[in-house]
């Protein structure tokens, strides 16, 4: 039974069934497929109407895990055509334990909607001819393979820019491109530790720091990459020039710690003492995270002033987050709870204790209703599972339901960016493995015979053929 769903026609109307004449060598540059540039929704050049900010943009993804796949999903939501290049074994998330059928898992579903799937063995001797054809037809190429794999497969920026000088190239690494650790491997949990984020999160068990189960570094880096690619497309629209966009997990992890990432010379010298003297001694003594943090707080001449009214409090039946971070909010908080504003300004420790005692007297819902009516930012502490069925999140389009040809109906993250004139939207489900290989190869210039030989040689897989079903046991 064919696995293809959401396939696109191969080639332009009026040619030979969409099959171009790439029968071995490359066609002349003036014969390669051109990407029609689209303008924002409403009225474009010539009065055309388009439906998304990236309509007409072709993206080729050599991606895995989170950063590149989530970035390209957002680009696909914006109308870009995203070609996901998968190894013969499929994207690594296709083989995760929570199999939903035919190589679909939750982790694959939620990062790959709106894309097309082409299976290519990058180690195959014929892979370069396919890569070249894809890059020629692309506007954007995104890569988050290991640096060694990128160099070995010729997927570095310099090599691809020779094929397509206008290409926008996005690269993701753990630690960047030029520092002494640029060559090191890294994953989200590792970079959480390396960046200080894991220590900042504050959770520990039996003295051992716990990493966030939310892949914080991965998703923050994906957002940085998305902004970088959109910026590069904007620059190319004005100048015609492509460029390289680099992001790192370390950069993403540091960016979200910006509030804590400052050192004022002459005022923050306690930090030098902590880093160079106290911290090494504590580590040698295998001190727990809480002991280390206590030592750090004792050194600070000006501890954070907001912790008395900007944190989570226990109530009579749960927990309530209070965000009275401005003078106006603190005044309203004091009035609503019945505490003196002067105390909040002169004795934070005493104020915090009284606020704790007051909030324990009522249930979370009561406090939330009272404080929100007084315009004080508060919220009950909720579990992520509740958000899947949250009416407000659904009304905002942040949680949406999807129909998938293999999985059926499921609920998950909607499109988190709203644009008035050129809206982003989920346009198609995640692709079946290798479902679009033949159509894409035909569109970028390979004729029937060459496509057949590529399949026969094992360079690519045609996922539409029943005799070649998805098999996650194949090695890469």
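The values are calculated or read from the model by the stated rules, or taken from the named source; none is laboratory data. Given the structure is predicted, the values throughout are model-derived calculations rather than measurements. Note: ideal-geometry Cβ built from the backbone for every residue, glycine included; neighbour counts use all protein chains shown.
Any residue at all in segment 254-275 that's closer than 25 Å to residue 380 by Cβ, in a loop (DSSP other than H, G, I, E, B) and under 33 Å from the mean Cα position of the chain (by Cα)?
Yes, segment 254-275 contains a residue that is closer than 25 Å to residue 380 by Cβ, in a loop (DSSP other than H, G, I, E, B) and under 33 Å from the mean Cα position of the chain (by Cα).
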So, in segment 63-80, of the ones that are more than 18 Å from residue 417 (Cβ to Cβ) and surrounded by fewer than 24 Cβ atoms within 10 Å (Cβ to Cβ), which residue ends up modelled with the lowest pLDDT? 64
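Residue by residue, here is whether (1) crowded, with 18+ Cβ neighbours inside 10 Å; (2) within 22 Å of residue 54 (Cβ to Cβ) holds:
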position	(1), (2)
398	no, yes
436	yes, yes
439	yes, yes
443	yes, yes
460	yes, no
Residue hits (segment 393-416; closer than 20 Å to residue 222 by Cα, in contact with a helix residue (DSSP H, G or I) (Cβ under 7 Å, 6 or more places away or on another chain) and part of a loop (DSSP other than H, G, I, E, B)) are 415
Looking at 198, 155, which is the one that is modelled with pLDDT under 95, buried (at least 20 other Cβ atoms within 10 Å of the Cβ) and touching a strand residue (DSSP E or B) at 6+ places or on another chain (Cβ under 6 Å)? 198
Can you name every residue in segment 321-335 that is under 22 Å from residue 363 (Cβ atoms) and buried (at least 21 other Cβ atoms within 10 Å of the Cβ)? 322, 324, 333, 334
Just to be sure I understand, how many residues within segment 188-211 are in a helix (DSSP H, G or I) and in contact (Cβ under 8 Å) with a residue 12 or more places away in the chain? 11
Determine whether segment 102-115 contains at least one residue that is in contact with a strand residue (DSSP E or B) (Cβ under 8 Å, 6 or more places away or on another chain), surrounded by 21 or more Cβ atoms within 10 Å (Cβ to Cβ) and closer than 13 Å to residue 58 by Cα. yes
Say whether the condition of being under 37 Å from the mean Cα position of the chain (by Cα), outside the structural domain of residue 375 (by TED's automatic domain parsing) and in contact (Cβ under 8 Å) with a residue 60 or more places away in the chain is met by at least one residue in segment 318-335. no
Quick one: which helices (runs of 4 or more DSSP H) sit completely within segment 280-380 and have at least 1 residues that are at pLDDT 95 or above and farther than 24 Å from residue 203 by Cβ? 327-337, 348-359, 364-373
Identify the single condition in (1) touching a helix residue (DSSP H, G or I) at 6+ places or on another chain (Cβ under 8 Å); (2) in a loop (DSSP other than H, G, I, E, B) that residue 171 does not satisfy, given that it satisfies every other one. (2)
